[in-house]
1. In nanometres, what is the gap between the two model label sites at residue C:290 and residue A:355, each 7 Å from Cα along Cα-to-Cβ?
2. Top mean-square fluctuation among B:103, B:77, B:310, Gaussian network model of chain B, C-alpha springs under 10 Å?
3. Summing Lys, Arg as +1 and Asp, Glu as -1, what charge do residues with Cβ under 13 Å from the Cβ of residue B:196 carry, residue B:196 excluded?
4. Modelled label-to-label distance, residue A:45 and residue A:175, 7 Å Cα→beta-carbon offset: nm?
5. If amide H atoms are built 1.01 Å from N in the plane of the peptide, which residues on other chains or at least 5 residues away come under 5 Å of the amide H of residue A:68?
6. Choose one of C:70, C:288, C:312: the residue whose Cα lies farthest towards the positive end of the charge dipole of chain C (beta-carbon charges +1 Lys, Arg; -1 Asp, Glu; about the Cα centre).
7. Which residues' amide hydrogens lie under 5 Å from the amide hydrogen of residue B:317, considering only partners 5 or more residues apart or on another chain, with H built in the peptide plane?
8. Mind listing the phi-derived Karplus ³J(HN,Hα) values for segment A:64-71, rounded to whole Hz, using 6.51, -1.76 and 1.60 with θ = phi - 60°, and x for any glycine or proline?
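Laboratory data are not the source of any read-out in this text; all were calculated from the coordinates shown. The model shown is predicted, which means the values in this text are computed figures rather than measured ones. With ideal geometry, Cβ positions are generated from the backbone for all residues, glycine too; neighbour counts draw on all protein chains shown.
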Amino acid sequence: MSTAILMPSLSPGMTEGKLVQWLKKEGDFVKRGEAIAELETDKSLLDLEAAASGRLEKILVEAGEDPVAVDTPLALLATEGGSERPVPEAGPAAAITPEVQPGTETKEVQRPVFGNPPATAAVTSAERIAASPLAKSLAAEAGIALQELTGSGPGGRIVKADIGRAQGEQPAAAYTLVPHSSTRRIIAARLAEAASTIPHFYLTIDCRMDALLALRSQLNAGLPASDKLSVNNFIIRACALALRKVPKVNASWGDEAIKLLHDVDIAVAVAAPDGLVTPIVRKADGKGVADIAAEMKQLAGRARERKLRPEEFQGGGFSISNLGMYGIREFTAIINPPHVAILAVGAAEQRPVVQDGAVVAATVMSCTLSCDHRAIDGATGAEFLGSFRVYIENPHQLA
Amino acid sequence: MSAIQHHSQPQPELAVGADQLLHFYRQMLLIRAFEDKVNEAFLRNLVFGTTHLCQGQEAVSVGAIACLRQHDSLTYTYRGHGQVLARGMAPEVAFAEIFGRETGCSRGLGGSMHLADLSLGLLGSFAIVGAGLPVALGAAISAQLDNRGQVAMTFFGDGATNIGAFHETMNMAAVWKLPLIFVCENNLYGEYSPILWTTPYEDLARRAEAYAMPAEIVDGNDVVAVYSASMRATERARAGEGPTFIECKTYRQRGHSRSDPAKYRPAGELDYWLERDPLKQCEARLQSGFAVQQEKFDALRAEVQQQIDTACEAAAEAPWPEVRDLGPESLVEVRA
Amino acid sequence: MSTASSNPVEMTYREAIIAAQRAELQADPRVMLMGEDIGAAGGSFKLTEGLQAEFGKIRVRDTPISEQAFIGAAMGMAMTGYRPIAELMFADFMGVAFDQIVNGIAKHRFMQGGTLELPLVIRTVGGAGARFGAQHSQTGESWLLSVPGLKVFAAASPNEAYHLIRAAVRDPNPVVVIEHKFLFTRKGPVQVFDGVVSLVEGPRQLREGRDVTIVASLAMVERIQSAAQQLEAAGISAELFDMRVIRPMQPQAIVASVRKTNRLLVVEENHSLGGWGGDLVSTVVAEAFDYLDAPPERLTLPDWPVPYSPALEDAALPSVDRITATARAMVEGRGR
């Protein structure tokens, strides 16, 4: 069979050599190990030895001055039989050498172009703004343009402190950050917990307000402006009496038991600058509407100034939230745990009602009771609401 | 405590039986065929960088390593193929390492100059001249501590006897009386320089005297002479009597490395040494001592050639190592 | 994996070094000590005092002045079943055994295919400030910086010396533990323990702060601690780290710190070029780029060898005042 004799790589990094002269002619018989040509490498003159015995069948590359690349087939050797393993055919490099030739990197050599100055990587702008990496990222986040700032850092560099100052002066920001106060955090936590853990259901009832409003007018006529009774005061009283009638709604939910509270302490929602506060009217069932009014005035005032003592807003067995003054017709409120119910009071407004078969105008107020279904069932809630309505529609019973 | 044996006193040969001598012969054939095959493989571009071949020096490896037992250890140089094969590394594994394959003894990470196998006590070949001696010193210290009659052996060339690490190791081995056998392959050239250009005398065994260490000079191409001297040295070491220096006069038939045609040799020198080829000397012993016939030599030669050819082709087909994160190969990962 | 004894013990840096070696000699019969004058004399810095008397002349062994031999021997011993601790009297002497350390020990596991382990420790004493002159004052950290295959620990306090030495002996990798000659008499609490030491993690945080991250190693650590106190008086809160493990560098804690403080100052007793601080700054810039409010700064030795005459040597070392002034300038916007 015919095998190719290749130009060998004889020293590290050698890529080509010279074939100085052939020591054998075409047709000559060569013995394994015999020198058949003289090669010149970067280091020295070397003999090319026959890897196997056989006949030098064909010379492919003549001796000469031109360098020959490593792996180039130089000649064909016809070997006898199968006693010697054949040298792989021309083009063995692909079969043997790996894709990544260890030690030799395929790097593109960048040749410098002499005479031409190298192009600068970045075009220098007329005005280059010096800013620390931190300042840049903070400015980007806050939407502040660096060009508009003067830096206080070394050499006029814009630094973090400058961004901080700029944010303070910025009027037309896309938003204003309001960091959470502790009150906000507590409200958020409690309401999220209540909304997600208490199985709420809602009962709504409409109350005829005419009689109550008339009574209120009457009573208020004889009172100084600062002491006037509000509709809410009557509602608190009505709830207190209704809770006496339906004590299951004046309760506290616990893991092991429901506490049926002996006192009727009602928490009344008041809007304060920081969020909703619920001052408590203690033993409301024993207080008349006027007492309730006086107490609420005082509590609400201090609530708005965040001057309530803990015992004045912690605890209680029932809550009332009134959005009637904002014109809200009806709404549902979230129970304040561990209470088992909360009453959401809407506006008292003129509505058409059916009375004795005819449509008449009357003042109606819608109230929605949120109930904790773990503690109260529908009938109980309805009973309470029904009782509440009776008191509202028969206000003389509230005295 | 035995008197220091002077190298100028020739020592008697050990009697070596036919089987053992034939075994030596086959081992030397194996190394010769292996080295020739590596040369051929280089021409096929299977071997990268460079390699250092030891044709002509086979008797030193075979004769000396024959004296080592299972738990002995050895270090050797970048011209170390002979030592690893004599110690029992499979030719295919050695080829695969030289070819840079995953199945090589060092998984392709070391190459020709870093053949090792801890299970055979082959602690490593060292590309830095003389670097293997201190490491063998350490193995000898361990052997002394283990106290089970083990020894360490270190192979080095004539050039290494000029480097600092050699002298420090000789001194410490002598002072601590370590079971370390120094085997110097004096092949008359340190790289391209004949010995007398770099060393004040030719007999390197004289250096042992400076360390009060016994030494012998032997014909490094006579496997029985090497074996005899090595047995004496290893037995002394096992008995706790300390180190010995054995200078083996030999010759490398090829250049220093692959790219060296060794044209610096004086005319006639190579022929002189080819006449004294270790294989030829061994054949002569087998013929005269045990009436072994030429057919036996030819049969063994063919058998060994077949073994080497097969091993080489298998290694040439072996898989390449994966290009991957080699951090774990450098540092052992430690977890709490 | 370790059980601490009840209370930390107050001891000097020197005592901690001795205690750590004693503990390992007791815990494992394969642990050996060797070096110049470490046995009978207890070490030229008295860092092995009493150990030869306790453990005998074989396990605590004096060597000749032959760094190449005994450092290379440590490698040979580690390959043949032992866990040697070799003491290099001065870190500068790494130069004498450099071949064994960087070509041998660091590369051997890799070259043999990533299977063998070299559980050896080189303990060495480095550092300036003691008027020992240029050839006895390097820390040694820089010379080993670009050598994969080695671990390098730097002990800044008695507790660190104790823990780093013990962890180094347990580590299956070769570890160089650098001690500082200026710290020998420093006292501090050392948490001694029985059993196997746990893994050494990366940098050790010494102080929490808001305004600037300051990192140092060896004797510079106590200087940055003093500087932090001065800074506090000026209303600046510095977060401090002891680098502790120079190789492999583990910058994550520093990066996280700079994300918080926005400023980095590195103080090291090495020349600027090739000091580990350069690599740390480069990593922090890459990984915390958007958090930097000032360019990172480095305080290092000047680019000449350590002078002998006291004022010249002192001027070469970053002083507490210089550290404080640099940090203040960075925080107060008067820096670069």
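1. That separation, rounded to one decimal, is 6.8 nm.
2. Result: B:310 has the largest fluctuation of those listed.
3. Details: positive: none; negative: B:158, B:202, B:203.
Result for the neighbourhood of residue B:196: -3.
4. About 8.5 nm, to one decimal.
5. Under 5 Å from the amide H of residue A:68 lie the amide H atoms of A:17, A:18, A:19, each far enough along the sequence or on another chain.
6. C:70
7. Sorted by chain and number, the residues that satisfy this come to none at all.
8. For segment A:64-71, the Karplus-derived couplings read x, 7, 6, x, 10, 5, 4, 6 Hz, x marking Gly and Pro.
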